[in-house]
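Colleague: Pasting a structure here, questions to come.
The values are calculated or read from the model by the stated rules, or taken from the named source; none is laboratory data. Here the structure is a predicted model, which is why all the values come from computation and not from measurement. Reconstructed Cβ throughout: ideal geometry from the backbone, glycine too, with neighbour counts over all protein chains shown.
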Amino acid sequence: MASYHIAVDIGGTFTDVVIQNTDDGALWTTKTPSTPQDLASGFMSGVQNAIAQASADPSDVQRIFHGTTIATNAVIERTPSEIGLLTTRGFKYVLEIGRHDIPRRQNIYAWVKPERPVPPNRIFEISERLDRTGSPLTALNEDECREAARQLRDDGVEAVAVCFLYSYANPTHEERAAEVLREELPGVQIALSSEVLPQFREFERTVATVLNAYVMPRVGRYLSGLESA
């Protein structure tokens, strides 16, 4: 019995699909219109066409590889996404301060700083602190985490980013904060900097984690649509 691999790439206009017989290397390609309002529909249509073209049985498909710009487009198009951020007390304005520089060849008087994905009123400072080796200096204040979660729940957030100082050296405070958030915000997605970008430099790590939280709801809905298609 032959086995097959399928690769799917969703573009703005067309969805391209390639199916390969892994036994003899034979390839078939197909193209189907993308369906922006329901991307899973175009995905499934392309996969079904490819399977039919190869005269394969769906049960013979061993792997599906998928490429999509859903997350990239969400950021570029500024697709609305209600998110919050928990950070170490004293570091609320890391996103606003940034790196004190501007893109090259930009006029310092004309350049406008891009709007941040999470507004300051949804950034909550939490009392906790680790040193640079990851050793605890101040215990995580779980009551503050719960209060922040309740306020974010009232704001209707879909995802929360957590970025604590030096968490790349010791993720325990972030992991416990995530547990508290999940208790208070069931169904809301959580992004931890210790998982997204476990490296030093607070600005870059915060940006990466916030952007991850920003796209999680949209990508999650898309993947759920694929599972139910």
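Colleague: Please determine, by comparing only the residues of the stretch 33-67 that are assigned to a helix (DSSP H, G or I) and among the small types (Gly, Ala, Ser), which one is surrounded by the fewest Cβ atoms within 10 Å (Cβ to Cβ).
Modeller: Restricting to residues being assigned to a helix (DSSP H, G or I) and among the small types (Gly, Ala, Ser), the top hit is Ser59.
Colleague: Take the conditions assigned by TED's automatic domain parsing to the domain that holds Leu85 and among the acidic types (Asp, Glu) and apply them to Glu227. Does it pass?
Modeller: no
Colleague: Further, regarding this structure: If you go through the stretch 81-98 one residue at a time, how many are surrounded by fewer than 19 Cβ atoms within 10 Å (Cβ to Cβ) and part of a helix (DSSP H, G or I)?
Modeller: 2
Colleague: Kindly indicate whether Arg78 is free of Cβ contacts under 8 Å to residues at least 40 places away in the same chain and either assigned to a helix (DSSP H, G or I) or among the basic types (Lys, Arg) (or both).
Modeller: yes
Colleague: Going through the stretch 50-68 one residue at a time, which ones are of a type outside the set (A, V, I, L, M) and in contact with a helix residue (DSSP H, G or I) (Cβ under 9 Å, 6 or more places away or on another chain)?
Modeller: Within the stretch 50-68, Asp57, Pro58, Asp60, His66, Thr68 meet the criteria.
Colleague: Let me ask something additional. Which residues, taken from the stretch 150-171, are assigned to a loop (DSSP other than H, G, I, E, B), of a type in the set (A, V, I, L, M, F, W, C) and crowded, with 16+ Cβ neighbours inside 10 Å?
Modeller: Step one: list which residues in the stretch 150-171 are assigned to a loop (DSSP other than H, G, I, E, B), which gives 156-158, 164-171.
If we keep only those that are of a type in the set (A, V, I, L, M, F, W, C) as well, we get 157, 164-165, 169.
Hits for the stretch 150-171 are Val157, Phe164, Leu165.
Colleague: Of the residues Glu125, Glu204, Glu147, Glu174, which single one is of a type outside the set (Gly, Ala, Ser) and outside any helix (DSSP H, G or I)?
Modeller: Glu125
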